[in-house]
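Structure, as structure tokens:
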Amino acid sequence: MKYLITGGTGLVGRKLIAGLLADGHEVHNLGRGAAKEAAPKGFYFHQWDGKSVPTTVPSVDVVVNLAGASIGQRWSEDYKKLLVSSRVDATKACADYLNTHEKPGQVFISASGFNYYGDLLDTPVREGAPAGDSFMANICKQWEAATEGTHARTVTLRISVVLDPHDGPLARMLTPYKFGAGGPTGTGRQGFPWIHIDDLIATIRFVADNASVSGPVNVASPTAIRQQDFSDALAKVLHRPNFFRLPKGVLELIFGEMSVVLWGGAFVVPAVLQANGFQWKFPEIEHALRDLLK
């Protein structure tokens, strides 16, 4: 099949593209920079501005939209605008592209976040739960709304915390834990929705191939844990203590409004994936961490 991918240089995009190419698929990747090396077989790079898909991109079978500025830095007012525009503009561009490159059976898979539900902390949420009213929830609502209006089967992935040892939250947590300064954030009792990077990649490919899946999909492990459970498991795998706690007030002082991604959380139930028979390779947190940190 032919894939069009935005955000292909990010943590998820790089691994997704590598797997697709290994299985013989054709991949068209949109990026802001120039191609830096010889392209492998089946890979085509297209430079873009994040607002319109270049005319050099042919009709494809699957569009996977992963574009968006990182949430992992302090949020100034200007950066908050970028968090919104980088997601909404790219998603609208993908929708416009699909409307001008119609093809039977096309699939539109667009990233979103579990933050759609707001700062619920300890409330279980399935895909039918209402949206929250926080800054991140409002981003996710605009992000998902931008997918509307195409003929394609559309899936919005409400992605949980993605665990990978080389990039993302887990990679940044390793240093304090290794120096004995690790521990839970906030109260430690808030839900900690997570997904192993390999299970996220498998989810994207699963929904691309499964015609019965559409609409919002919670992307999370089926095993619900609290932030304290995650901290305990990470400390156990690393053979380090985890008694150092960062309460909400301290996090807000250090990180400002962005701190909500550290002290917030929810118990995200992947009901759609469960109903459609998706099989997680890493449903348990300790097993996942041992694989990632081996």
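The values are calculated or read from the model by the stated rules, or taken from the named source; none is laboratory data. The model shown is predicted, which means the values in this text are computed figures rather than measured ones. Note that we place each Cβ from the backbone using ideal geometry, even for glycine, and neighbour counts take in every protein chain shown. What goes into the accessible areas is simple: the full protein's heavy atoms, side chains included, and nothing from ligands, DNA or RNA. Shrake-Rupley method; radii C 1.70, N 1.55, O 1.52, S 1.80 Å.
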Quiz item: When the residues of the stretch 200-224 are filtered to those that are aliphatic (A, V, I, L, M) and open to solvent by 50 Å² or more (accessible area, probe 1.4 Å), which remaining residue is modelled with the highest pLDDT?
Solution: Ala211
Practice problem: Give me a count of the residues in the stretch 225-244 that are more than 19 Å from Asp291 (Cα to Cα) and either surrounded by fewer than 21 Cβ atoms within 10 Å (Cβ to Cβ) or touching a helix residue (DSSP H, G or I) at 6+ places or on another chain (Cβ under 7 Å) (or both). | Solution: 6
Self-check item: Residues within the stretch 11-51 that are under 15 Å from the mean Cα position of the chain (by Cα) and open to solvent by 30 Å² or more (accessible area, probe 1.4 Å), tallied
Solution: 3
Practice problem: Working carefully through the options Gly128, Gly113, Gly118, find the one that is loosely packed, with under 14 Cβ neighbours inside 10 Å and closer than 23 Å to Gln274 by Cβ. | Solution: Gly128
Quiz item: How do the pairs read when you match residues in the stretch 48-63 that are outside any loop (DSSP other than H, G, I, E, B) with residues anywhere that are of a type in the set (A, V, I, L, M) and exposed (fewer than 13 other Cβ atoms within 10 Å of the Cβ), using Cβ under 6 Å and keeping only pairs 6 or more apart or on different chains?
Solution: none
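So that you can scan it fast, the table gives a plain yes or no per residue for (1) farther than 30 Å from Phe244 by Cα; (2) among the polar types (S, T, N, Q); (3) assigned to a helix (DSSP H, G or I):
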residue: Leu83; (1), (2), (3): yes, no, yes
residue: Leu120; (1), (2), (3): no, no, no
residue: Cys140; (1), (2), (3): yes, no, yes
residue: Glu148; (1), (2), (3): yes, no, no
Practice problem: Inspect all residues belonging to the stretch 94-106 and state whether any of them is among the polar types (S, T, N, Q), surrounded by 23 or more Cβ atoms within 10 Å (Cβ to Cβ) and closer than 30 Å to Val60 by Cα. | Solution: no
Quiz prompt | Where a residue in the stretch 140-154 is under 20 Å from Ser70 (Cα atoms) and without any contact (Cβ under 8 Å) to a residue 40 or more places away in the chain and its partner, wherever it lies, is of a type in the set (Gly, Ala, Ser) and open to solvent by 30 Å² or more (accessible area, probe 1.4 Å), with Cβ under 6 Å and at least six apart | solution = Lys141/Ala131
Quiz item: Could you list, in sequence order, the residues of the stretch 64-79 that are without any contact (Cβ under 8 Å) to a residue 12 or more places away in the chain and surrounded by 14 or more Cβ atoms within 10 Å (Cβ to Cβ)?
Solution: Tyr79
Quiz prompt | Where a residue in the stretch 2-14 is over 18 Å from Ala93 (Cα atoms) and its partner, wherever it lies, is of a type in the set (Asp, Glu) and open to solvent by less than 20 Å² (accessible area, probe 1.4 Å), with Cβ under 6 Å and at least six apart | solution = Leu11/Asp164
